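Before any comments, here is the structure.
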């Protein structure tokens, strides 16, 4: 008996495996086929499954025509999918997992009880591109495992809601049973694969409806920073959860629930509205209501207050960390989900021009970040400008010195026949005043934007002008000594070496040496404009690179040599016996000149950028004014204010106090 019964069961199983199931379906051929699973009938009677008998066909009819109508409308519209025809295979799941499971297998495998003729040469159902449905969560979870093997996409909506509103930080509640755990697992997996967000907490609603467990769950919700709650629950689970939410007064949350909870009229009461006005969910629209289509096309949750010598049209934010604005970068928090991070400001010289940038980028060499560090701007150019107070002051002093030198030259020319001018070697005095004018004017080459011609001329003109000035002083001192020695017995022949031609030749020869030095410097390594970025990180110092420091050093050294020689000769002749001692004035002027330029060297080396030019201009002006005032100040005083002393007797000291 037992052996016979087992044999019969095995044979019955074989028959069942070979049988074909008749499924209610609607099919239409097309270039691309879409599948659909719909719960059309709520009541169907099926016999218990048996291995020995063929299962009866379910009698399901219904609403799948809605999808068929939508696809027909798409095909009729030439603007939507030109040259492409959509087809469909729609099945009725009859709210039965077994029927939905078999329908899903049929859609992805194409093995129905009969074949559909697609055209004159091909038979068989093509694989579907995707399946719309199932509308029940239990069926969807069950068939998703099978569809995943065939890599057929299944339309889901919870993730699309989160993506639509930018919610990346949410909590998840689910029933502590197989359906709840499967729903939570699949949602968590989809959320992780899509990289749309993270879960702040994961709480199971107890099967035995333990009040303490609900209290703990709501406490976790209340303490969390997530403002969006996703719920996979129904019936008494939702009742208990909402009761505890009201008890702890947890308001201001955005709820996303399944279809059953969304349309449940129990939650549309005044008691629950303060807590559930922000509820969103997935529900199937049944039937057609006059005017509903136009209303739904106009309404939008973002704009309709009724949709939420608290009436708030702005959806809530539910993120662990706010987005990092441009100018900052994302810094992950160690040990926390990827949705939790800190925003770190970009370092000096770096920017980020995107939201939630993971790193900052460096600006090009000639650029610098703006104060917000969200884009690069050209670096400011620094040089001694005519428009800044320092440049205006130096320009004014330079022009004033030039004007005074011109005025003194005019005074000496006008009074050239007086004893004061004739006794002080008028020709050398005129040359000296012209050289001082050049010294004052050459300082203007150091002001303004450095250019190639100004960089080359500034030191050459400066060097030649000052050598001409110092050479005149040197020859002037030598003439004073020669005149003094010629006045003594046996010195009459010495003046033939210091005539007018000899004086001009000496000044020209000494100045020519400096001209040769400048020419060699300009030919070998001439100064050029240079953008210096070493002094400041946020600005460019535009300066003249001297080219050859040796050439610059030789130029200054030659001026210093002539100045020192002139100072020594004037110092030796400082006690010559006359009432108006020219040698003393030359000594004093050379003392000022040497002191200024000795102080110039360390100040020039230690001054960065445009301040090096300021130091050099100041040294030029100070030394030029020192010579002008020391040598010509006393003479102009006598010529203009003390004309009674402008006599040969007074100048030669005859009848004076000296002997």
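Taken together, the values in this text are just the output of simple stated rules run on the coordinates, not laboratory data. Small disclaimer: the values here were computed from a predicted structure and weren't measured. When we count neighbours, we look across all protein chains shown, and the Cβ atoms used for this are built from the backbone with ideal geometry, even at glycine.
Side notes on the structure shown:
- Inter-part distance, region 166-223 to region 320-398, computed on C-alpha centroids, equals 42 Å.
- Computed from the C-beta positions of residue 568 and residue 370, the FRET efficiency with R₀ = 51 Å rounds to 0.30.
- Protection proxy ranking for 440-450, 412-422, using the average of other Cβ atoms within 10 Å per residue and placing the highest first: 440-450, 412-422.
- Its Cα gyration tensor gives region 498-540 an equivalent ellipsoid, and the semi-axes of that ellipsoid, as √(5λ) in whole Å with the largest first, are 42, 12, 5.
- Taking the square roots of 5 times each eigenvalue of the Cα gyration tensor of region 389-652, largest first, gives ellipsoid semi-axes of 37, 20, 15 Å.
- Cα-projected label distance for residue 392 with residue 380, points at 7 Å along beta-carbon direction, nm: 1.7 nm
- log₁₀ of I(q)/I(0) at q = 0.12, 0.21, 0.24 Å⁻¹ - region 332-438, Debye sum with one point per alpha carbon: -0.66, -1.04, -1.16
- When each of the peptides 90-100, 464-474, 516-526 is scored by how many other beta carbons lie within 10 Å of its residues on average, the order from highest to lowest is 464-474, 90-100, 516-526.
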